[in-house]
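Student: Sharing a structure, written as structure tokens. Questions coming.
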């Protein structure tokens, strides 16, 4: 993994999965980063305190009002002080989330943070680490994801003119080029749907961006031989049926009341994760109480343990 330790690091991931991307980065990057997050989530005082506790910093966009952009200077100065202390930051350079498997044009926000720091601390050794996030099927369940960390890019190599336009473009191009190798990138937007259909027909493994991008360029078709349970039809059908029966109440609540209220498809995995985090402890507790009332506590604990292990295995193998 290309993640420098005890040095200032700016992680720049592609952005498909809304808040799920944040959770994956923080649990996988081996640092304890701060996050630059769109400012509208900080509007309520209670949420502002909560997100600040989670090491999240607001970033203001043009859609928040032109006057609000002035507030970014204070935010960028805060980032500079964090880099001075060798902290790590996470920022999504595409500035928005989208389900499409492609790297969108990068915003200048991360550029301003980098050059603001180099202007105040010329000796700062900021390492920019592009991160490719690769979901197999981000709106489906179960899903899998693979994260790839690119080679660190030294910010000092682009600071000859204190952030002149040439250096800005060179840095953006370097980050964009790296991201396009770390995740699936379909360049031709007009042919996007057709390309996806062709890749799906080849049973492409989207967890392998190098091979997937090669297939897109017609360098080599990739027919992936999956060994997961989901690729053995009979076993998959049996396990899915058992999973559905054992978890029916939770599944129906999700299908009938929670999923229809998801406001954007990109938030599906995030909301599902949050719902499961809240619902399953309650579900397990209810089952434990019911089985204990009918039988005894030992039987109840054994059943809950077995159910937990089965659910864990089902998700892992599919």
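Student: Which is within 20 Å of residue 140 (Cβ to Cβ) and modelled with pLDDT under 95, of 294, 258?
Tutor: 258
Student: Please determine whether any residue of the range 107-117 is under 29 Å from residue 269 (Cβ atoms), touching a residue at least 40 places away in the same chain (Cβ under 8 Å) and assigned to a loop (DSSP other than H, G, I, E, B).
Tutor: Among the residues of the range 107-117, at least one is under 29 Å from residue 269 (Cβ atoms), touching a residue at least 40 places away in the same chain (Cβ under 8 Å) and assigned to a loop (DSSP other than H, G, I, E, B), which makes the answer yes.
Student: Being crowded, with 17+ Cβ neighbours inside 10 Å, assigned to a helix (DSSP H, G or I) and without any contact (Cβ under 8 Å) to a residue 24 or more places away in the chain narrows it down to one residue among 286, 291; which is it?
Tutor: Result: 291 is the single residue among 286, 291 that is crowded, with 17+ Cβ neighbours inside 10 Å, assigned to a helix (DSSP H, G or I) and without any contact (Cβ under 8 Å) to a residue 24 or more places away in the chain.
Student: Test of understanding: among 103, 204, 138, which residue is surrounded by 14 or more Cβ atoms within 10 Å (Cβ to Cβ), under 24 Å from residue 24 (Cβ atoms) and modelled with pLDDT of 90 or more?
Tutor: Result of the check over 103, 204, 138: 103.
Rundown of residues vs (1) touching a helix residue (DSSP H, G or I) at 6+ places or on another chain (Cβ under 8 Å); (2) farther than 25 Å from residue 138 by Cα; (3) surrounded by fewer than 18 Cβ atoms within 10 Å (Cβ to Cβ); (4) modelled with pLDDT of 75 or more, yes/no style:
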residue	(1), (2), (3), (4)
3	no, yes, yes, yes
20	yes, no, no, yes
27	no, no, yes, yes
30	no, no, yes, yes
50	no, yes, yes, no
65	no, yes, yes, no
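Student: Quick check on residue 186: is it more than 13 Å from residue 13 (Cα to Cα), surrounded by 17 or more Cβ atoms within 10 Å (Cβ to Cβ) and in contact with a strand residue (DSSP E or B) (Cβ under 9 Å, 6 or more places away or on another chain)?
Tutor: No, not satisfied.
The values are calculated or read from the model by the stated rules, or taken from the named source; none is laboratory data. As the structure is a prediction and not an experimental result, all values here were calculated from the model. Every residue, glycine among them, receives a Cβ derived from its backbone with ideal geometry; neighbour counts consider all protein chains shown.
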